[in-house]
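Undergrad: One structure, as structure tokens, below. Some questions next.
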Amino acid sequence: MAARRITSLLSRSLPTSIRYLGKNPTYGRGVSRFSTAVALEEEPIVPKVQINHTQLLINGQFVDAASGKTFPTLDPRSGEVIAHVAEGDEEDIDRAVAAARKAFDEGPWPRMSAYERSRIMYRFADLLEKHSDELAALEVWDNGKTYEQAAKAELPMVARLFRYYAGWPDKIHGLTAPADGPHHVQILHEPIGVAGQIIPWNFPLLMFAWKVGPALATGNTIVLKTAEQTPLSALYAAKLFHEAGLPDGVLNVVSGFGPIAGAALASHMEVDKLAFTGSTDTGKIVLGLAAKSNLKPVTLELGGKSPFIVCEDADIDKAVELAHFALFFNQGQCCCAGSRTYVHERVYDEFVAKAKERARRRVVGDPFKQGVEQGPQIDLEQYEKIMKYIRHGIECGANLEIGGERFGQKGFYIQPTVFSDVQDDMVIAQEEIFGPVQSILKFKDYNEVIKRANSSRYGLAAGVFTKNIDTANTMMRALRAGTVWINCFDVFDAAIPFGGYKMSGQGREKGIDSLKNYLQVKAVVTHLKNPAWL
């Protein structure tokens, strides 16, 4: 039942016509609640997918890294090696950028008709659906998210995003503007050139779509660096793009480490635009590298510490379920997670008791098993970081209601954790934990909670749960966040722009605003001789 409730919440962000993709009867064996570790005593399920693409994709060909080096990508369920992947470095970034530059300056992609670019992107979306089983399995194996989430929510969303962007190429056009003298003024929107893109590990395929979709729709070429933790699905997807007819050199994919390959891409003099999703601290480094090189424009989607505000008139059962989803979705590894749960004092005790019980019922286990709600964290580093924050919460005096420990004996699993009596000055209320740790804070009135919610250095998202339309209207205007969800959370339709205020980033992804990131505006002024009209 718990898994079905989460599924119903996930489905709010998807068209009703989308059905479950990639069912596999072998993924339906027993699960366990987090209070026991029986399910994890079994050997992890072996996914039914072949690892065929572990090289770099440069100029339409899969090639080894120039150095010949590889690095292991690990299964978060066990810490064991899935495959060894080519380790790109500065020389490989140079090769990829050269291919992208040639494809832009001399190749057919920016010169073909907008209609033909659309057709290739539509064919790619069809191939995504055809190969959704394999892509979902790769995503789960490499990342640890549940198969149900990857196959039912994320893969349909990826296909939907590419169909959305496939509809844009022949809708992008310029303007003419009047002048005060005898001049004809054209305003053109042109592709920016070679786009460098760096994606994170928490939503590899979705971030692939958020970045690649608008860049290709506007006629650019790309060098994309995958996260070192999750390189597999992007390589597979890029191969499908070439099957759809994408010309060589238009989309190049380099796997490698941030301080080497990522830094080389961010500082490359032949990259015309950069897009990065990741932590705020790394975003500052990326922005600095871009500025010190050729002052390339940068889009940043960074960290968050999003407030989820439960008002006194809320239906508590529904609020508990939605707040649970807002925080624990994707093992809590979500930049916009509702990680500061503010609850009105009149309903606080009831909410805490029910939130604790909901966390107790959360199903933790092998993410390939049907009915599992929570898989492992991405890797040992993230696991240890989360456990450190849990210790901080205990030491600072927050009340540990439930959880706080490792789950099982293998892999990077953490018990669903709930803290009550959390104060704004505690570390767990200020810093991004990026894990399954819910912090519940108490508030008295709305002016107070608005001020407290806005006190964070972040401003990525916020949630408000209330029956009162006046309260909702007040909150949505007062909260300093790029997205405010009212009586819902994590709704990510293709046309909805996403991005943050303050240190949560700059620029927007998805929707029409994302296209502007990849376009230059050019004014063309032509003198008119003896014009009939102005």
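The values are calculated or read from the model by the stated rules, or taken from the named source; none is laboratory data. Note that the coordinates shown come from a computational prediction; the quantities given were computed from them, not determined experimentally. For neighbour counting, all protein chains shown are included, and Cβ atoms are generated from backbone atoms with ideal geometry for every residue, glycine included. Heavy atoms of the whole protein, side chains included, go into the accessibility calculation; ligands, DNA and RNA do not. Shrake-Rupley method; radii C 1.70, N 1.55, O 1.52, S 1.80 Å.
Undergrad: Can residue 17 be described as modelled with pLDDT under 50 and over 22 Å from the mean Cα position of the chain (by Cα)?
TA: Answer is yes for this residue.
Undergrad: Okay, next question. For the range 77-95, enumerate the residues that are buried (at least 18 other Cβ atoms within 10 Å of the Cβ) and out of contact with any helix residue (DSSP H, G or I) (no Cβ under 9 Å at 6 or more places or on another chain).
TA: Within the range 77-95, just 95 meets the criteria.
Undergrad: Ok, one more. Exactly one condition in (1) out of contact with any Pro (no Cβ under 8 Å at 6 or more places or on another chain); (2) under 30 Å from residue 518 (Cα atoms); (3) open to solvent by 30 Å² or more (accessible area, probe 1.4 Å) is not met by residue 42; state its number.
TA: (2)
Undergrad: Tell me, yes or no, whether the range 303-320 has at least one residue that is assigned to a loop (DSSP other than H, G, I, E, B), aliphatic (A, V, I, L, M) and closer than 24 Å to residue 143 by Cβ.
TA: Within the range 303-320 (the criterion being assigned to a loop (DSSP other than H, G, I, E, B), aliphatic (A, V, I, L, M) and closer than 24 Å to residue 143 by Cβ), the answer is no, since none of the residues qualifies.
Undergrad: Test residue 391 against the stated conditions and say whether it is surrounded by fewer than 23 Cβ atoms within 10 Å (Cβ to Cβ), basic (Lys, Arg) and either at pLDDT below 95 or under 14 Å from residue 433 (Cβ atoms) (or both).
TA: yes
Undergrad: For residues that are touching a Ser or Thr at 6+ places or on another chain (Cβ under 9 Å) and not in a helix (DSSP H, G or I), scanning just the range 256-271, find the one that is farthest from residue 97 (Cα to Cα).
TA: By that ranking, first place goes to 256.
Undergrad: Restricting attention to the range 314-327, which residues are touching a residue at least 60 places away in the same chain (Cβ under 8 Å) and open to solvent by 20 Å² or more (accessible area, probe 1.4 Å)?
TA: Answer for the range 314-327, where residues must be touching a residue at least 60 places away in the same chain (Cβ under 8 Å) and open to solvent by 20 Å² or more (accessible area, probe 1.4 Å): 315, 318, 321.
Undergrad: When you look at residue 283, is it touching a residue at least 40 places away in the same chain (Cβ under 8 Å), in a helix (DSSP H, G or I) and in contact with a Leu (Cβ under 9 Å, 6 or more places away or on another chain), yes or no?
TA: yes
Undergrad: Considering only residues that are among the hydroxyl-bearing types (Ser, Thr, Tyr) and not in a loop (DSSP other than H, G, I, E, B), look in the range 328-370 and name the one that is surrounded by the fewest Cβ atoms within 10 Å (Cβ to Cβ).
TA: By that ranking, first place goes to 348.
Undergrad: Another one. Condition test on residue 285, is it open to solvent by 10 Å² or more (accessible area, probe 1.4 Å), β-branched (Val, Ile, Thr) and closer than 30 Å to residue 192 by Cα?
TA: Taking the combined requirement at face value, the residue satisfies it.
Undergrad: Okay, moving on. Considering only strands (runs of 3 or more DSSP E) fully contained in the range 121-238, which possess at least 1 residues that are surrounded by fewer than 22 Cβ atoms within 10 Å (Cβ to Cβ)?
TA: 175-177, 183-191
Undergrad: Working carefully through the options 381, 432, find the one that is over 18 Å from residue 345 (Cβ atoms), under 26 Å from the mean Cα position of the chain (by Cα), surrounded by fewer than 17 Cβ atoms within 10 Å (Cβ to Cβ) and not small (Gly, Ala, Ser).
TA: 381
Undergrad: To continue, here is another question. Residue check: is residue 290 over 21 Å from residue 519 (Cβ atoms), of a type in the set (A, V, I, L, M), over 18 Å from the mean Cα position of the chain (by Cα) and surrounded by fewer than 24 Cβ atoms within 10 Å (Cβ to Cβ)?
TA: Taking the combined requirement at face value, the residue does not satisfy it.
Undergrad: Moving to a separate point now. For the range 259-279, which residues satisfy the criterion of being surrounded by fewer than 20 Cβ atoms within 10 Å (Cβ to Cβ) and either under 19 Å from the mean Cα position of the chain (by Cα) or polar (S, T, N, Q) (or both)?
TA: Result: 279, single match.
Undergrad: Then there is this: Which condition does residue 102 not pass, out of (1) in a helix (DSSP H, G or I); (2) over 24 Å from residue 333 (Cβ atoms); (3) touching a helix residue (DSSP H, G or I) at 6+ places or on another chain (Cβ under 9 Å), if it passes all the others?
TA: Here residue 102 meets the rest and fails (3).
Undergrad: Could I ask something else about it? On the given criteria, is residue 117 part of a helix (DSSP H, G or I), open to solvent by less than 40 Å² (accessible area, probe 1.4 Å) and either touching a residue at least 40 places away in the same chain (Cβ under 8 Å) or hydrophobic (A, V, I, L, M, F, W, C) (or both)?
TA: The answer is yes for residue 117.
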